[in-house]
Structure formats: C-alpha cells, structure tokens
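Notes to accompany the following structure.
The values are calculated or read from the model by the stated rules, or taken from the named source; none is laboratory data. Since the structure is predicted, the reported quantities are computational estimates derived from the model, not experimental observations. Reconstructed Cβ throughout: ideal geometry from the backbone, glycine too, with neighbour counts over all protein chains shown. We work out accessible area using only protein heavy atoms, side chains counted, and drop any ligands, DNA or RNA first. Shrake-Rupley method; radii C 1.70, N 1.55, O 1.52, S 1.80 Å.
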Amino acid sequence: MKLIFNKEDNNDITVKIQQGTIPVEFTYTEMIKQLLENNTIDDTDFGNLSDEEKQNLEDMLEKISNIFDEEEDTEVENVEETE
C-alpha cells in the first residue's frame, strides 16, 4: 500500500491512497482492506511535511501495522488450537 501525504497552504494535511497505479482520496475502509490483503505500508510519500510531522506519521503507521500483525498472530493461534 502506498500513502501520499501533502500539506496544503492552510496547513491541513491531505492523504491519498494508491489503488493499483492511481492515487485516490483516502478512506479508512480502503486502507483496512489493503492492510488485510497485504500488511505492508511501503513507498510512503510525505511530500512537503516537516521532519517532525513525518516522524509522527511513521510512528502512527507502524502502530497501525502492528495491530494487523497481532490479528494475524491471533488467527494462526486459533487455527492451531482447532487442529
């Protein structure tokens, strides 16, 4: 999954998510769908964000990815228990 961040003139940060080769408006449902299919956030474009903003977003994205890692681990444990 690729996320594209951009800071507007009014200091709002916008996000687009890439579907295939096309960046589209960000939605949480699309992000979750892509994370469930493949739990990777790669090639993130932070555009014109400050270093502090980039670091905060990287931390947040890592926490989100870890949640999906925990979910996968739980699913594997549940499958092993039923076998």
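The table below gives the values:
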{"item": "Probe 1.4 Å, accessible area per residue of segment 1-50, Å²", "result": "65"}
{"item": "Exposure ranking of SER65, SER50 by accessible area [1.4 Å probe, largest first]", "result": "SER50, SER65"}
{"item": "By accessible area with a 1.4 Å probe, ligands and nucleic acids excluded, highest first: order of LEU3, LEU57", "result": "LEU57, LEU3"}
{"item": "Value of relative contact order over segment 2-70, rounded to a whole percent, pairs C-alpha under 8 Å and six or more apart", "result": "34"}
{"item": "Portion, in percent, of the accessible area of segment 2-70 that falls on carbon or sulfur, probe 1.4 Å", "result": "48"}
{"item": "ILE64, ILE22, reordered so the largest accessible area comes first (probe 1.4 Å)", "result": "ILE22, ILE64"}
{"item": "Heavy atoms of THR29: accessible area, 1.4 Å probe, square angstrom to 10", "result": "110"}
{"item": "Computed P(r) (all Cα pairs; segment 2-70; 10 Å bins; percent)", "result": "19, 54, 25, 2"}
{"item": "Total charge dipole magnitude, segment 2-70, about the Cα centre, Cβ charges on Lys, Arg, Asp, Glu only, Debye to nearest 20", "result": "240"}
